[in-house]
Amino acid sequence: MDIRKIIHIDMDAFYASVEERDFPHLRGVPLAVGSAKERGVVSTANYEARKYGVRSAMSSKVAMLKCPILRFQPPRFEVYKEVSAQIHRIFAEYTDMVEPLSLDEAYLDVTTNKKNMPSATIIAQEIKHKIYEQTHLTASAGVSYNKFLAKIASDYRKPNGLFVILPHQAQDFLMTLPIEKFYGIGKVTANHLHEMNIYTGSDLFKKNKYEMVQIFGKAGLYFYDVVRGVDNRAVEPNRERKSYSVETTFEKDLTTSFAVIAELYALEQRLWKDVENTGKSGRTLTLKIRFSDFTTLTRSHSSEVPLLSFHQLHKTAKRMLKRMDYNAKPIRLLGIGISNLIDDTEIKDIQLSMDFED
Ligand SMILES: [Mg+2]
């Protein structure tokens with residue numbers, strides 16, 4: 001197979017950077033985009049706030065304990081969507097092989113490109129430069145020969161970074177890479193691996209396929225490949241999201257109803273952020289509960305019309321949870337997802353017709 005040229009572009013602390021750009025008094029102070037309310041969640045923290053340990057998806061309450069002088073700013077999704085459209089117009093100058101991962105993140109396949117430029121690194125430099133010129137925001141770029149490496153590379157020199165992993169450098173790079181930097185290995189799995197004395201790519205490299213499946217389940221085969229620098233997934237330009245879901249594996253199993261309800265609420269907020277991000281909501285809600293013995297319960301509920309507000313989503317999830325027998329065993333993982341998606345314009349139509357019905 002020919003060697004591909006893949007760029008991963010990722011805006012730096014996106015929502016927070018947009019707020020700092022538009023409101024000068026917020027610059028240089030610890031800032032979280034999200035709701036300061038008791039049950040709120042941090043969407044994005046700026047780098048000042050990250051110094052205090054504030055992270056995205058953290059509850060606002062915990063964030064304020066970590067950083068008492070933290071400022072909260074409500075999100076402005078309309079503005080973020082506009083910036084997203086701006087950067088996508090820049091991508092389109094080079095290639096149509098663009099696969100968005102979210103509003104501020106995308107893979108570009110520039111193996112062949114509209115400007116016939118041989119160097120992906122120079123393309124990445126130009127794109128970063130144009131993004132800054134047109135939006136006054138910084139992006140980080142990773143350049144490599146597959147998606148996995150490009151994604152890791154964009155994270156490697158954040159913020160405002162550009163990092164290139166050439167084919168002959170990949171194996172050495174992966175060997176020394178801490179396993180928590182592997183895309184797809186979360187905090188809980190990383191801790192678990194540390195307990196098994198696995199700290200770096202080279203520790204992972206020593207495991208055979210069978211052991212990898214034992215550690216990671218189905219994902220084990222993927223990790224077996226990527227630690228060898230192999231990832232043949234194509235950049236898929238028109239990938240339509242069919243569903244959204246979020247889930248959390250807990251450091252400590254949940255043993256009380258209160259904890260389950262609170263954690264589910266935080267997940268509902270994360271899921272609703274995805275809905276707002278994309279302007280697509282859905283008719284079907286799915287809950288997933290995995291117990292400490294790895295048995296899993298899933299339940300789905302579909303309604304006639306898509307869920308149109310966070311309140312509706314929360315009410316539906318609460319009702320579904322009540323009907324599930326979740327108190328019997330400690331819970332290690334909770335998940336919630338939305339599917340049967342309907343897009344923005346249709347949602348507006350439904351909202352309008354409901355307004356008239358009222
Ligand atoms: Mg980003």
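Worth a mention:
- 3J(HN,Hα) along region 21-26: 4, 7, 10, x, 5, 8 Hz, from the Karplus curve 6.51 cos²θ - 1.76 cosθ + 1.60 with θ = phi - 60°, whole Hz, x for Gly and Pro.
- Amide H within-cut-off set for residue 44, under 5 Å, with H built and near neighbours excluded: 33
- Non-local lysine pairs in region 171-226, meaning eight or more places apart or on different chains, with alpha-carbon distances under 19 Å, amount to 6.
- Cα gyration tensor of the chain - equivalent ellipsoid semi-axes, whole Å, descending: 32, 28, 22
- Set of lysines near residue 115 by C-alpha distance (under 21 Å), chain-local residues within fewer than 8 positions excluded: 5, 128, 130
- In sequence order, calculated HN-Hα J values of region 59-66 (Karplus, 6.51, -1.76, 1.60; Hz; x Gly/Pro): 5, 4, 4, 5, 4, 6, 5, 6
- Whether region 171-226 is rounded, prolate or oblate, judged on the alpha carbon gyration tensor where a/c under 1.5 counts as rounded: rounded
- Contour excess over end-to-end distance, with Cα ends at residue 25 and residue 214 and 0.36 nm allotted per residue: 62.9 nm
- A protection proxy built from the mean count of other Cβ atoms within 10 Å ranks the segments 112-121, 159-168, most packed first, as 159-168, 112-121.
- Seen from residue 292, the other residues with C-beta closer than 14 Å to its C-beta sum to a net charge of +1, counting Lys and Arg as +1 and Asp and Glu as -1.
Read-outs throughout are calculated quantities, based only on the coordinates presented, and are distinct from any laboratory measurement. What you are looking at is a predicted structure, and each value in this text was computed from that prediction instead of being measured. Using ideal geometry, Cβ is built from the backbone for each residue, glycine included, and neighbour counts are taken over all protein chains shown.
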